[in-house]
Amino acid sequence: MTDVRVFSSSDELLAGVGEELGPTDWLTVDQDRIDLFARATGDHQWIHTDPERAAAGPFGTTIAHGYLTLSLLPVLVPRAMRVEGATMGVNYGVNKVRFPAPVPSGSRVRARVRIADATYVGDAIQVTTAVTVEREGTDKPVCAAESVSRYFF
């Protein structure tokens with residue numbers, strides 16, 4: 001298991017800009033997770049949910065929704081970094097998101113995190129992390145995103 005970088009104060013977060021964290025441990029994206037995401041979002045496109053039809057498709061199997069891959073950031077990022085001592089942390093948004101490669105069902109993914117920016121916004125520290133999600137066995141990332149969070153101390 002990868003060591004988690006723990007930030008215990010706003011000063012540590014501000015000083016952490018530029019730090020490269022991870023990679024995290026692997027997480028399996030199986031068909032059950034894909035089907036649950038389809039049910040939650042109403043996106044039942046065959047490339048995600050119909051293994052028979054997808055077998056004859058461009059990837060030879062079903063693939064995870066791009067937004068499912070993005071939604072794994074709250075699972076993956078805390079495996080690389082954790083903020084303790086904050087009274088609250090909230091997702092503020094995402095700046096840039098790309099899905100350069102698919103995530104076939106059964107794949108394992110992990111994340112690398114770089115703290116791109118940290119600054120005061122009112123009484124919070126706004127942290128932008130550049131997150132790259134990798135799939136085991138390939139060099140091309142499956143997701144690249146700038147995630148923005150606010151931590152209140």
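The values are calculated or read from the model by the stated rules, or taken from the named source; none is laboratory data. Only a predicted model underlies this, so the values are computations on that prediction, with no experimental measurement involved. Cβ: placed from backbone, ideal geometry, glycine included. Neighbour counts: every protein chain shown.
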State yes or no: is T28 surrounded by 13 or more Cβ atoms within 10 Å (Cβ to Cβ), outside any helix (DSSP H, G or I), among the polar types (S, T, N, Q) and at pLDDT 95 or above?
no
The correct count of residues that are assigned to a loop (DSSP other than H, G, I, E, B), touching a residue at least 40 places away in the same chain (Cβ under 8 Å) and within 23 Å of R150 (Cα to Cα) in segment 1-25 is 10
Name the residues in segment 77-100 that are buried (at least 17 other Cβ atoms within 10 Å of the Cβ) and closer than 30 Å to T49 by Cβ, would you?
V77, R79, F99
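One line per residue, one yes/no per condition, for (1) under 25 Å from S9 (Cβ atoms); (2) touching an Asp or Glu at 6+ places or on another chain (Cβ under 6 Å); (3) modelled with pLDDT under 95; (4) basic (K, R):
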residue: L72; (1), (2), (3), (4): no, no, no, no
residue: V77; (1), (2), (3), (4): yes, no, no, no
residue: R82; (1), (2), (3), (4): yes, no, no, yes
residue: N91; (1), (2), (3), (4): yes, no, no, no
residue: S107; (1), (2), (3), (4): no, no, no, no
Condition (residue is buried (at least 21 other Cβ atoms within 10 Å of the Cβ) and either over 17 Å from R33 (Cα atoms) or among the charged types (D, E, K, R) (or both)) applied to segment 68-76: is it met by at least one residue?
no
Can you tell me how many residues within segment 32-55 are surrounded by fewer than 17 Cβ atoms within 10 Å (Cβ to Cβ), assigned to a helix (DSSP H, G or I) and among the polar types (S, T, N, Q)?
1
How many residues of segment 82-98 are in a loop (DSSP other than H, G, I, E, B) and charged (D, E, K, R)? The answer is 1
